[in-house]
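*Asks:* Sharing a structure here in structure tokens format.
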Amino acid sequence: MSTTKLLTIDLNADAGESFGNWTLGHDAALFPLLTSVNLALGFHAGDPVTLHGAVRLAQEHGLGIGAHPGYPDLVGFGRRAMALSPQEIHASVVYQIGALSAFLTLEGAELQHVKAHGALYMRVHEDRAAGEAFCEALARLVPQAHLMVLAGAAGEELSRTAAAHGLSVRREAFPERAYTADGRLASRSLPGSSIHDPAEAARRAVQMAQGWVQTLEGERLEMQVDTLCIHGDNPHAVSIAQHIGAALAEEGIRLAPLGKRTPAGQVARPTHHVAALYHRPESEAEQLALPRLAEALLASGLPGLRDVVPAYKSLYVEYDPAQLGAEQLRGWLGQAEVKDADAGRQVEIPVCYDGEDLPEIAERTGLSTAEVARLHAEPTYRVRALGFVAGFPFMETTPGPLQLPRRATPRPAVPPHSLAIANSQTGIYPAAAPGGWNLLGRTLTAVYDPHRTDPFLVRPGDEVRFVAQPGGDPLPAPTPRLLWPAEPGFPALRVRKPGIMGLLMDGGRLGQGRFGLVRSGVLDAQAATIANELLGNAPDSPLLELHLTGPTLEVLGAGAIACTGLGLQAQVNGEPLPPYSSRPVQPGDVISFVPDGQGRVSYLAVSGGFEVSPFLGSASTDVRARLGRPLQAGDVLGYAARPAPQHVARQFVPYWVTQRPALTRLRLLPVAEGETIPDEALDALCAEPFQLVDLDRMAARLAGRAVPGGEITSEAAPIGTVQVPPSGVPLILLNDKGTLGGYSRPARVHPDDLPHLVQLLAGRQIQFVPGQG
């Protein structure tokens with residue numbers, strides 16, 4: 001491992017710990033020496049006046065401001081272990097950060113990071129349930145903030161939990177503390193575990209900034225460190241900070257705050273206003289480096305990024321134009337320097353070559369089945385992209401004799417873990433899915449498993465070798481990863497009858513398209529937002545999306561509900577709930593739904609939103625990726641927090657719900673920045689109405705006159721894209737579309753028109769019209 005010096009590193013300390021007339025710490029003298037501060041929030045130390053003053057002082061010195069939530073333990077300074085439940089940890093963290101957020105708003109400041117304090121800091125590192133609760137609170141409340149974790153082995157578990165919630169992690173080391181050879185802080189009871197000499201602390205700070213530290217046993221321990229912490233209540237804190245600053249400067253290492261970063265798991269809050277841009281390098285070397293470029297862009301800190309998806313010859317970038325301009329984005333892409341395209345991981349995958357098509361492949365190639373298996377296992381394959389379904393790797397290059405075309409008739413369901421070939425590509429089906437590739441065998445390791453810490457076995461840019469293992473036992477059938485806790489903290493609803501399809505949803509899983517994960521999220525964003533706003537929830541709080549027939553639900557805890565959308569009439573104890581309205585509910589109430597024939601999708605929200613267990617920053621169900629599942633009888637869903645004791649019923653019905661014309665007009669836009677809609681395609685699309693044949697979460701399928709179309713090199717496209725296969729029959733791609741597509745896409749539907757589209761029933765007429773963004 002390299003020990004090249006870091007150009008910059010952060011120096012932080014705990015602050016704002018005074019209480020009333022009692023002064024603790026050296027804030028006024030220490031702040032000029034730091035780059036970041038962790039402010040006490042009143043539970044373990046501090047008070048409102050002290051907190052407000054610390055925010056102002058941090059602003060004056062240009063420091064990165066961090067929240068420092070702890071246990072409610074003023075007497076023990078938050079250093080005593082307390083038996084708080086995960087739900088109590090979640091609520092207390094939200095409460096404390098909320099207090100700081102108010103003062104930040106007053107002073108025009110922003111939150112840079114969050115770091116747990118004292119006994120809570122250690123617990124979230126050591127107790128997985130506590131770490132989950134802590135990270136889930138941050139993911140929902142302050143997803144843009146960095147989470148500080150322990151550097152070394154002690155921080156690995158919390159880092160994985162944070163990553164699963166889409167959080168950005170920054171690793172923290174302590175120059176005043178000794179480390180053991182296993183990468184953990186030495187117990188304070190051991191001689192030499194605490195460093196009191198400022199010069200020695202400074203020497204260790206330099207080591208940490210250079211990527212290593214000398215352990216208590218005298219060994220060299222490699223360690224990735226982003227920020228150094230000194231204890232603000234240490235009587236020598238000011239001297240230690242001075243020595244560290246001087247020692248780092250002497251080594252050419254600059255102190256700088258952590259700054260802002262948009263985490264890859266939750267890249268920007270969902271918005272109806274999206275823009276897209278394609279980067280298409282010409283050289284093969286640059287095309288092979290696209291996966292590295294995607295990772296670099298996601299880590300760049302550019303605001304407003306929603307997704308970055310590499311394909312064979314293009315990089316698709318989706319962004320919020322209110323936060324990020326196309327020229328700024330192009331400028332970044334033009335100047336970006338990425339790692340060598342050959343820097344991917346080496347991955348071996350065991351395979352049993354016993355596929356259903358193996359005898360036919362042997363016959364068509366003139367080889368024996370053993371020769372086919374041997375030939376296929378010879379080369380190293382490069383993963384060019386993940387797409388189609390979650391974790392499906394498109395790999396090249398299949399040996400020439402095995403480059404057979406797709407089957408004439410695709411299978412309706414290819415078995416999970418199937419190893420398959422088509423033309424120059426090799427792929428692996430992570431889950432059962434329709435497909436026309438030729439089946440060679442099956443892998444004995446899952447390339448995608450949402451239950452693993454790292455769900456994806458391979459990533460774009462990796463190199464793969466297949467190792468034949470005849471007769472290997474089949475992998476067990478994949479099971480879904482639940483997106484709500486089995487035992488919620490505040491039970492809300494029990495499912496008596498599930499209906500046909502009730503799905504947990506939120507604003508969607510952003511920033512994960514490069515892994516083949518669909519966006520998912522609510523189909524009718526307008527109706528879902530109104531449901532949450534009727535209850536005072538955040539616009540993208542988790543709620544239920546109901547299709548075709550609704551469930552029958554028993555209320556377990558007092559709260560409030562709101563129902564919006566079209567297609568189902570909600571009832572409480574048999575009493576109809578007015579459209580687009582909310583009302584309080586009590587234990588024992590029964591919520592049911594009656595189809596009304598007015599639309600396709602309805603939403604049921606509860607006060608505060610449902611308690612969830614997000615995956616990569618979202619609680620949206622993705623059935624094909626086994627992320628969540630439709631409701632089942634006996635499921636219990638919980639409130640995210642204890643509901644307010646009272647709720648005033650409200651109603652807000654959008655004008656268009658009561659004024660729906662016979663002909664629905666959909667505005668067409670270019671798919672991406674810098675593109676135009678081809679005249680021939682625009683004329684064909686707008687010449688006369690199309691009829692809606694069918695619609696599901698993947699696409700709206702149309703019937704009408706033929707539109708110029710055909711095959712293109714596979715690449716990503718935004719939700720609402722009009723796709724035209726060789727048949728000339730267009731379809732409109734929706735939330736669960738594949739992440740990569742190989743058919744012509746001349747235009748996309750204006751995002752604000754999608755709520756109208758997804759509520760249409762089969763047989764309705766659609767008229768495309770030219771639009772403006």
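The values are calculated or read from the model by the stated rules, or taken from the named source; none is laboratory data. Not measured: the values here are computed from a predicted model. Cβ placement follows ideal geometry from the backbone for every residue including glycine, while neighbour counts extend to all protein chains displayed.
*Asks:* Among what's in the range 425-458 and is modelled with pLDDT under 90 and in contact with a Phe, Trp or Tyr (Cβ under 9 Å, 6 or more places away or on another chain), pick the residue that is nearest to residue 376 (Cα to Cα).
*Replies:* Taking the candidates together, the pick is 435.
*Asks:* Could you tell me whether the range 18-25 includes any residue that is in the same structural domain as residue 101 (by TED's automatic domain parsing), in contact (Cβ under 8 Å) with a residue 60 or more places away in the chain and over 26 Å from residue 169 (Cα atoms)?
*Replies:* yes
*Asks:* Looking only at the range 136-163, count how many residues are touching a residue at least 24 places away in the same chain (Cβ under 8 Å), among the charged types (D, E, K, R) and either in a loop (DSSP other than H, G, I, E, B) or within 11 Å of residue 125 (Cβ to Cβ) (or both).
*Replies:* Number satisfying all stated conditions: 1.
*Asks:* So residue 238 ticks every box in (1) of a type outside the set (Ser, Thr, Tyr); (2) more than 39 Å from the chain's Cα centre (by Cα); (3) in a strand (DSSP E or B) but one. Which box is left unticked?
*Replies:* Tallying (1) of a type outside the set (Ser, Thr, Tyr); (2) more than 39 Å from the chain's Cα centre (by Cα); (3) in a strand (DSSP E or B), residue 238 fails exactly one: (3).
*Asks:* For the range 580-602, does any single residue satisfy the condition of being touching a strand residue (DSSP E or B) at 6+ places or on another chain (Cβ under 7 Å), over 30 Å from residue 393 (Cβ atoms), in a loop (DSSP other than H, G, I, E, B) and of a type in the set (Phe, Trp, Tyr)?
*Replies:* Scanning the range 580-602, I find at least one residue that is touching a strand residue (DSSP E or B) at 6+ places or on another chain (Cβ under 7 Å), over 30 Å from residue 393 (Cβ atoms), in a loop (DSSP other than H, G, I, E, B) and of a type in the set (Phe, Trp, Tyr), so the answer is yes.
*Asks:* Which members of the range 65-76 meet the condition of being surrounded by fewer than 19 Cβ atoms within 10 Å (Cβ to Cβ) and hydrophobic (A, V, I, L, M, F, W, C)?
*Replies:* 74, 75
*Asks:* Which of the strands (runs of 3 or more DSSP E) contained wholly in the range 406-523 include at least 3 residues that are buried (at least 24 other Cβ atoms within 10 Å of the Cβ), more than 28 Å from the chain's Cα centre (by Cα) and free of Cβ contacts under 8 Å to residues at least 12 places away in the same chain?
*Replies:* Output list is empty.
*Asks:* Out of the range 651-695, which residues are touching a Gly at 6+ places or on another chain (Cβ under 7 Å) and either closer than 30 Å to residue 330 by Cα or among the β-branched types (Val, Ile, Thr) (or both)?
*Replies:* Residues satisfying the conditions are 667, 668, 669.
*Asks:* When the range 308-357 is examined, which residues are found to be assigned to a helix (DSSP H, G or I) and buried (at least 20 other Cβ atoms within 10 Å of the Cβ)?
*Replies:* Of everything in the range 308-357, just one residue is assigned to a helix (DSSP H, G or I) and buried (at least 20 other Cβ atoms within 10 Å of the Cβ), namely 329.
*Asks:* A follow-up question, please. Using the structure shown, decide if residue 84 is surrounded by fewer than 20 Cβ atoms within 10 Å (Cβ to Cβ) and over 25 Å from the mean Cα position of the chain (by Cα).
*Replies:* Answer is yes for this residue.
*Asks:* For the subset of the range 129-187 comprising residues that are polar (S, T, N, Q) and either within 16 Å of the chain's Cα centre (by Cα) or surrounded by 18 or more Cβ atoms within 10 Å (Cβ to Cβ) (or both), which member is nearest to residue 216 (Cα to Cα)?
*Replies:* Looking at the filtered set, the residue picked out is 180.
*Asks:* Kindly evaluate residue 742 against the criterion of being surrounded by fewer than 19 Cβ atoms within 10 Å (Cβ to Cβ) and either under 25 Å from the mean Cα position of the chain (by Cα) or small (Gly, Ala, Ser) (or both).
*Replies:* So residue 742 passes the test.
*Asks:* Residues of the range 331-364 being β-branched (Val, Ile, Thr) and at pLDDT below 95, which ones?
*Replies:* The answer is 338, and nothing else.
*Asks:* Of everything in the range 370-398 that's more than 19 Å from residue 316 (Cα to Cα) and small (Gly, Ala, Ser), which residue is surrounded by the most Cβ atoms within 10 Å (Cβ to Cβ)?
*Replies:* Among them, the one singled out is 373.
*Asks:* Determine whether residue 166 is in a loop (DSSP other than H, G, I, E, B), under 30 Å from residue 515 (Cβ atoms), of a type outside the set (S, T, N, Q) and touching a residue at least 60 places away in the same chain (Cβ under 8 Å).
*Replies:* yes
*Asks:* Looking at the range 556-575, is at least one residue farther than 23 Å from residue 597 by Cα and surrounded by 22 or more Cβ atoms within 10 Å (Cβ to Cβ)?
*Replies:* Yes, because at least one residue in the range 556-575 is farther than 23 Å from residue 597 by Cα and surrounded by 22 or more Cβ atoms within 10 Å (Cβ to Cβ).
Yes or no, residue by residue, for (1) in the same structural domain as residue 19 (by TED's automatic domain parsing); (2) part of a strand (DSSP E or B); (3) among the aliphatic types (A, V, I, L, M):
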residue: 50; (1), (2), (3): yes, no, no
residue: 55; (1), (2), (3): yes, no, yes
residue: 65; (1), (2), (3): yes, yes, yes
residue: 71; (1), (2), (3): yes, no, no
residue: 77; (1), (2), (3): yes, no, no
residue: 80; (1), (2), (3): yes, no, no
residue: 83; (1), (2), (3): yes, no, yes
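*Asks:* Given (1) at pLDDT 95 or above; (2) in contact with a Gly (Cβ under 7 Å, 6 or more places away or on another chain), where does residue 123 come up short, assuming only one miss?
*Replies:* (2)
*Asks:* Of (1) surrounded by 19 or more Cβ atoms within 10 Å (Cβ to Cβ); (2) under 34 Å from the mean Cα position of the chain (by Cα), residue 198 satisfies all except one. Which?
*Replies:* Every listed condition holds for residue 198 apart from (2).
*Asks:* Only residues that are among the hydrophobic types (A, V, I, L, M, F, W, C) and either assigned by TED's automatic domain parsing to the domain that holds residue 287 or touching a helix residue (DSSP H, G or I) at 6+ places or on another chain (Cβ under 6 Å) (or both): list them for the range 701-715, please.
*Replies:* Matches in the range 701-715: 707 only.
*Asks:* Among the candidates 276, 268, which residue alone is within 30 Å of residue 139 (Cα to Cα), modelled with pLDDT under 90, outside any helix (DSSP H, G or I) and within 25 Å of the chain's Cα centre (by Cα)?
*Replies:* 268
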